[in-house]
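Here is the structure we will look at.
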Amino acid sequence: TLGVARIIPWIWDLESHTIACEQNLVMRQIQTDASATGDSGVHIISEEEYFKNVHPDDVDYLTRLYRELIEGQKRYIKCEYRVLSDGEGENAVDWMEVNASVLQTDTSGKPVKLLGSMLMITARKRQEERLVQAKEAAKESDRLKSAFLANMSHEIRTPLNAIVGFSNLLATTDDEEQKQQFVNIIDTNNQLLLQLVADILDLAKVEANTLEFIYKSTDLNELL
């Protein structure tokens, strides 16, 4: 079960300052005398080697947690920290999750052995990071939509005010020349308003992935 779950159990001997661990052995095998001597495939490392691979920014945090466990301030710890690994010639960072508790104490009650497990959670942390980025992107998208709607409401009001204002003036004047000017202004703003509404609908189609394209030969000089 531990092998399938990729959980690495370990025992930390606080007196010899060594840690015995093996990814594919069950707990009872680690606790045998053979394990302590490094037989049966058990890998033994020193405390110094263990902490040497911990990311510099996480060393103090991890050390403090273990100290609180050893000094009796905590009965159990669970934490996540980063480790340095040499991936393809470059220093890579992986994430580990550790669970630990006191396994054995001496006659005075002082812990002499810790029991724990490690689990690599790099893939999970990367997924969490992607979810956070997606959440931030959604927030930014929502903010931009709000700003867009605020700008559009201003853009729409501009021609709409002209249409309403000159329509009222059109009804109160008898001068034919003025009437024609007002009609021209109203028509111009009608076209502007229709174009704005069409642009908004096109943007909605772009977002919904339903925008239709018309392919035809185009004179770039004329377009520019």
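Values computed for the structure shown
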{"read-out": "Helix axis angle, 59-70 relative to the chain longest principal axis, alpha carbon, degrees", "value": "50"}
{"read-out": "Å² of accessible area per residue within the chain, as computed with a 1.4 Å probe and no ligands counted", "value": "71"}
{"read-out": "Over the chain, relative contact order from alpha-carbon pairs under 8 Å, at least 6 apart, %", "value": "13"}
{"read-out": "Exposure of THR218 as accessible area (Å², to 10), given a probe of 1.4 Å and all protein chains", "value": "80"}
{"read-out": "Principal-axis tilt of helix 122-172 within the chain, Cα atoms, nearest 10 degrees", "value": "10"}
{"read-out": "Rounded to 10°, Cα long-axis angle of helix 176-208 versus longest principal axis of the chain", "value": "20"}
{"read-out": "Value of relative contact order over the range 124-201, rounded to a whole percent, pairs C-alpha under 8 Å and six or more apart", "value": "30"}
{"read-out": "Within the accessible area of the range 123-224 (1.4 Å probe), percent carbon and sulfur", "value": "57"}
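The values are calculated or read from the model by the stated rules, or taken from the named source; none is laboratory data. Since this is a predicted model, take the numbers as computed values, not measurements. SASA here: full protein model, heavy atoms, side chains in, ligands and nucleic acids out. Shrake-Rupley method; radii C 1.70, N 1.55, O 1.52, S 1.80 Å.
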